[in-house]
Each structure stands twice: as structure tokens, then as C-alpha cells.
Amino acid sequence: MGVDSYNPTVRARLTNAPKTRVLNLKESALHRIPDNLSALTMLKHLDVSINYLTQIPPFIGSMSQLKELNLARNQLEALPTEIGLLPCLEVLKVSQNKLTDLPDLSKCVLLKTVEASENHFTAFPLGVCHSPSLETCIFTDNRIERFPDEIHSLRAISLILNKNRLLSLNTVNLLRCERLRAVNVDDNQLNHDEIEQFVANAPREIRISFDGNVAPKHTADLQEMGNDSSKSKSVTSNARKLIGQSGPSTSTVNKHLEMASKSRVLQLKGTGLKKIPDEVEQLAGVLRNLELSENKIREIPVFIGLFSQLKQLHLSNNCLESLPDEIGSMKKLEILNLGGNKIKNLPDTIAGCTDLRTIDVSSNSFSEFPISIIACLQLDILNLNENQIETLPDDVSKLQVIELSLSQNRLKTLNSSNLSKSHRLRTLRVDGNCLEKTEFARDLLESSTVSVITYDGNRFQLKDFQDLPGYDAYQERFTATKRKI
């Protein structure tokens, strides 16, 4: 795709880049790297963060002077091996993508910082282990379970892996990292023995953070462990290792339960829970609002179906991969918040939630539109942002929602002929997809009830949208809506 295909700002920056040797295309609604970049081999700084890139072209390896490369907040699932051929690269930022591995970075001899938080790593990438000048390595909020034996070759001074799924530290090899001075493994799944072994053997100069791992009863014991050259158990101010709790204590939970029996609201947000406490079942006939967001909960117990009076259920930012069928027994549920999990589908029984008005399943793992939602006849708002949905089913014509959000998916088609028949639909948000202007067919613009459409970051410009057949009728509805507001 040539430079003329991009907006004026992108074109201007591409034109100036040979002089400044800096190219900032952040938030430029890019779906691919412009071919013209292949000629900018003298660039020192390249920022293409916050776009919709799905791949990086191999010619990136020809940018032999590049010092900083920012690819954060795109839709990348892999990086080309040619990135490992950048001899002057000092900073690599790839956070908030869908990466599962990194290329071999051993030839990036000046690389000092790798930021790869919020990706899909399940194993620590070997590609960073042999980068000779590495100082800071950040892999926060991934799914890494253990360190490989090759970790002993890591040259990093600071290693940050909080909010992963670490079960093992591979202490024998991790402590062979000659330059390691700081380790952060907060909010993982490390047990007492793993942490005790590391604390007992780590040299004094290594600063370690273990919050949100071992059970509370072990915390005091571990805080009393030092690790100077004599392996003394006494703690000095420089060598103290602090290990936090993995969740609220029993007394804390009981206190919240007691308060909830009166207020009918149970608030356990961000308390480090790995499961919903069994004691919560005691409030099944009482609770109106259950707040369990920002924990590490992996499954919802079947007793959730007993909460016959519950109106709001908040479980965002946990580790859920599915919902139990019993969810459909909550007849009075109005708000269901499941954003930021790993859910791929919803059970058919959700149709039993006959009072459901709002569903938020953004930032999950849906690759198909959840058909079961169509049976929720009272639904007003459906948020499916930041998933991987490519198409809409024909049954979308039966969808009863007023507002449908599908931004930052992989939509290639809107199925306009059927979507336009969704007679309650007023707001459609499809920013950041792969839609051509032709997907906004005349029947959607002219004959539907949709009065607000957001479409930035697709494969057309604003002027293209305004030239579409039926646009004038849509604009009249849009203007009328704004006047009411």
C-alpha cells in the first residue's frame, strides 16, 4: 500500500522521517505497515503503537540504525525473526498484543529493555535469554507457568513477571543469572516451598517481591528468613523478603459476609481470590449485588444458580474460561459484567436470565458471535469489544439490543442485510475492525433504526463513508438523536 493511501498526517510524517530519523505513527488507524517504510533504513525511532497491525514485514530487519521500536497495543500474534537482526536496538516495546513467543534477540547486542506485558505467553521466551546487554525484562500479566532451564543465561538486572501463573521459579537456574538484582513475581501461584527455597538461597543484593502468592499463615515465617553468606535466618534491612497474602483472610471474608447480609451487597473486588468462597452460598437468597472483579477466579461454582434475587454480577478481570449452565437460573439478573476474562462462548441457558439488560464480555476470547445472547429479549446493551469476531450470523436480525459494541475485533463483514432488521438497534460501534466501506450497505444506512455508527480505524476514510448510498438518511437520524441529547 503506497503513501498516497494514508491520511495527510501519516503522509507528512513519512515524508519528514528521512530528515528527522524519527517516525511516530502512533494512533494512526493503521492496519498494515506502509510499504514506504522499507526505504527508511536510517530510522532511529519507530513508534507504530495503538494501531490495528496484525503483522510486521520482514524489511524491519534492514533498519540497522533503529534504537527504539514501539509495537505496543496492536493485534500482533508473532514477530518476524528479522527483528533479531537489529544491532543498534536498545528498547523493544510489544505490550498488549497477542504474542506467544519472541524471536532470537541474541544479535541485538545493545538491547537494554524488553516490555512484553499483557500478551499470551505461556512459556518464558527463550529469545531474550541470550541478549548480552539486557537490563530490564517486563512480562506482566501473561500466562507464564515456569522458567526454562535456559533462564540461567538471562543477563537482565530487573525481571518482572507479576500477574502470571508461575508455579515454579526454577531456583537453581534463576539464581545463576549473574547480573540479576530485582525479581518481581507478585500475584502468581507459587507455593511456600518454592518461595522458601528462593529466599534461603538468594544472595543479599537481590530484591524480591512475592506479594499475592503464599497463604497468610506462611507470611510471617518467610519474612523472618534472611540469606546472607552464612545462610542465617535473621533478617537485615537490606535482605528482607516480603511475601504477601494470596487473598483475604477468613476473618475478612466473614466480615464482608456479615455486612452483606444486611446491605445485600457483597464487595470482594481485588482481594486476590482464586475461587469464590463456599461461604458466599449462605447469601444466595439475600444478595442483590455480587462484586468479584479483579481477582484470579478460574470458575464459577454451580451454586451461583441459587442466587434468585441477584441483580448485578461483576466478574471482570478474572481468569474465567466458561460459565456454568446454572447461570441461567438467575431470573432477576440485570447486569452481567465478564470483561477481561478468557471466555469463548456463553451457555444456551443464559436465555433464562429474562431480566438481563446489560452484558459486558469485552476483552475475552470470542472468535464467533455468541448466538445464545439473541434469546435475551430484554437486553439493551451488549459489549463485545476487543475479541476476535470476524463475522455476524444471519440471526443477528433477531437481536434485541439498543447498543451493540464490536470495536477492536476482526470483523470483515457486517451482514448488513440482516443487521438492519434488528429493530431496536440504535447505536453500532465497530471501530478498529477490517471493514470495507461497502459493508455499510444502503439498507443499514437508509432503512434501519440505527442512528449512531462509530467506524474509525477501518479500511476507509470519513469521506468514503459520507459518499455511501443512504448516508443522507442516516445523517438525518444521527442529527435528530444529537438534538435530543
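The values are calculated or read from the model by the stated rules, or taken from the named source; none is laboratory data. As the structure is a prediction and not an experimental result, all values here were calculated from the model. We place every Cβ from the backbone using ideal geometry, glycine too, and count neighbours over all the protein chains shown. With ligands, DNA and RNA removed, areas are computed over all heavy atoms of the protein, side chains included. Shrake-Rupley method; radii C 1.70, N 1.55, O 1.52, S 1.80 Å.
General observations
- Per the Debye calculation on the chain with a single equal scatterer at every Cα and no solvent contribution, log₁₀ I(q)/I(0) for q = 0.06, 0.08, 0.10 Å⁻¹ amounts to -0.35, -0.62, -0.92.
- Potential extension, residue 261-residue 192 segment - 0.36 nm per residue separation minus Cα distance: 21.4 nm
- Each of residue 388 and residue 120 was given a label point 7 Å from its Cα along the Cα-to-Cβ line. The distance between the two points is 0.3 nm.
- Each Cα pair under 8 Å and six or more residues apart adds its separation to the average, and for the chain the resulting relative contact order is 6 percent.
- Taking the 1.4 Å solvent-accessible surface of the chain as the whole, the part contributed by carbon and sulfur is 46%.
- Accessible area of residue 15 in the full protein assembly, 1.4 Å probe (Å², nearest 10): 90 Å²
- Area accessible to solvent at residue 451, 1.4 Å probe radius, in Å²: 10 Å²
- For the chain, the dipole from Cβ point charges (+1 on Lys and Arg, -1 on Asp and Glu) about the Cα centre works out to 1060 debye, to the nearest 20.
- Full extension of the chain between residue 397 and residue 62 gives 115.7 nm of extra length, using 0.36 nm per residue less the Cα-Cα distance.
- ³J(HN,Hα), Karplus 6.51/-1.76/1.60, whole Hz, each residue of the stretch 378-389, x for Gly, Pro: 9, 5, 9, 10, 10, 10, 10, 4, 6, 10, 10, 6
- Heavy atoms of residue 192: accessible area, 1.4 Å probe, square angstrom to 10: 40 Å²
- R0 of 30 Å, Cβ-Cβ distance residue 348-residue 143: FRET efficiency to nearest 0.05: 0.60
- In the stretch 350-484, Cα pairs under 8 Å separated by at least six residues give a relative contact order of 17 percent.
- Distance between the stretch 303-353 and the stretch 387-428 - C-alpha centres, whole angstrom: 22 Å
- With each label modelled as a point 7 angstrom along the Cα→C-beta vector, the residue 380-residue 286 pair spans 2.9 nm.
- In loop segments of the stretch 375-415 as defined by DSSP, the GluC sites (Glu not before Pro) with at most 16 further C-beta atoms inside 10 Å of their C-beta are 390.
- Cross-link reach list, aspartates and glutamates versus residue 44, counting only Cα pairs under 17 Å and skipping chain neighbours closer than eight places: 68, 82, 90
- Residue-averaged 222 nm ellipticity for the chain, from DSSP H runs of 4+ at -39500 (n - 2.57), nearest 500: -4000 deg cm²/dmol
- Ranking of 263, 168 by solvent-accessible surface, largest first: 263, 168 (1.4 Å probe, protein heavy atoms only, all chains present).
- Average accessible area per residue (Å²) across the chain - probe 1.4 Å, nucleic acids and ligands excluded: 45 Å²
- Placing dummy labels 7 Å off each Cα toward the beta-carbon, the span from residue 106 to residue 279 is 5.4 nm.
- The stretch 1-153, relative contact order in percent, only Cα pairs under 8 angstrom and at least six apart counted: 15 percent
- Within the stretch 443-484: backbone nitrogen closer than 12 Å to the residue 9 label point (7 Å, Cα to C-beta): 457
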